Amino acid sequence: KLMRVALLAPLVAAVALAVRRRRQYDARVAAAEADAEAPADGTGGSGGGKVAGKRPTLVPLFVLGFLAMVALRSTGQVPGGALDAAQEAQELLLAAALFGLGSAVHLPTLVRTGGRVAALGLCSWVVVAGVSYAGVLLTTA
């Protein structure tokens, strides 16, 4: 599980780079179109084709924070009491997040989606539960 989250950092960085390049390309195309439509007397245009706007961060702060906490935990310098408190906080926050996800489900909309979507969700749940149970059996045997 930790490896999956740790690999999130390079994935997020790659997606952010792709989004950044796409925005720069779109801005250059828009600037070229504005220059083409500008009056010939030089009073209009885009100002040399410079790309404006906020650039997305390569890696969100929560990913960097997670990697920093992994590194800190790996040093062995974190006291046991702090680890126990972190475990309790993790369970509480995970329960709150799952409650938030569940409470955001709009049941009438879910009913209107139809039986095929519900069957797909049920099949997905069975696969995830089966793989998880198999993992538990393999690690406890």
Exercise for the section: Look at ALA118 and say whether it is in a helix (DSSP H, G or I), farther than 28 Å from VAL12 by Cβ and within 26 Å of the chain's Cα centre (by Cα). Expected result: yes
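Looking at segment 108-120, can you tell me whether even one residue there is at positive phi and free of Cβ contacts under 8 Å to residues at least 12 places away in the same chain? Steps first, please.
Quick first cut of segment 108-120, residues at positive phi only: 114.
Narrowing further to those that are free of Cβ contacts under 8 Å to residues at least 12 places away in the same chain: 114.
Yes.
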Practice task
Identify the single condition in (1) at pLDDT 70 or above; (2) of a type in the set (A, V, I, L, M, F, W, C); (3) surrounded by 12 or more Cβ atoms within 10 Å (Cβ to Cβ); (4) closer than 30 Å to ALA86 by Cβ that ALA31 does not satisfy, given that it satisfies every other one.
Solution key: (4)
Problem - Members of segment 95-115 that are under 30 Å from ALA71 (Cβ atoms) and either over 24 Å from the mean Cα position of the chain (by Cα) or open to solvent by less than 100 Å² (accessible area, probe 1.4 Å) (or both) - result: ALA95, ALA96, ALA97, GLY100
Problem - segment 61-73, subset at pLDDT 80 or above and open to solvent by less than 90 Å² (accessible area, probe 1.4 Å), residue farthest from ALA13 (Cα to Cα) - result: LEU72
Problem - Number of the condition not met by LEU58 [criteria: (1) under 11 Å from ALA9 (Cβ atoms); (2) modelled with pLDDT of 75 or more] - result: (2)
Handout entry: segment 121-141, subset more than 27 Å from the chain's Cα centre (by Cα) and not β-branched (Val, Ile, Thr), residue modelled with the lowest pLDDT
Key = ALA141
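The values are calculated or read from the model by the stated rules, or taken from the named source; none is laboratory data. All values derive from a computational prediction rather than experimental measurement. Positions of Cβ are generated from backbone atoms using ideal geometry, with glycine treated the same way; all protein chains shown enter the neighbour counts. For accessibility, only protein heavy atoms count, side chains too; no ligands or nucleic acids. Shrake-Rupley method; radii C 1.70, N 1.55, O 1.52, S 1.80 Å.
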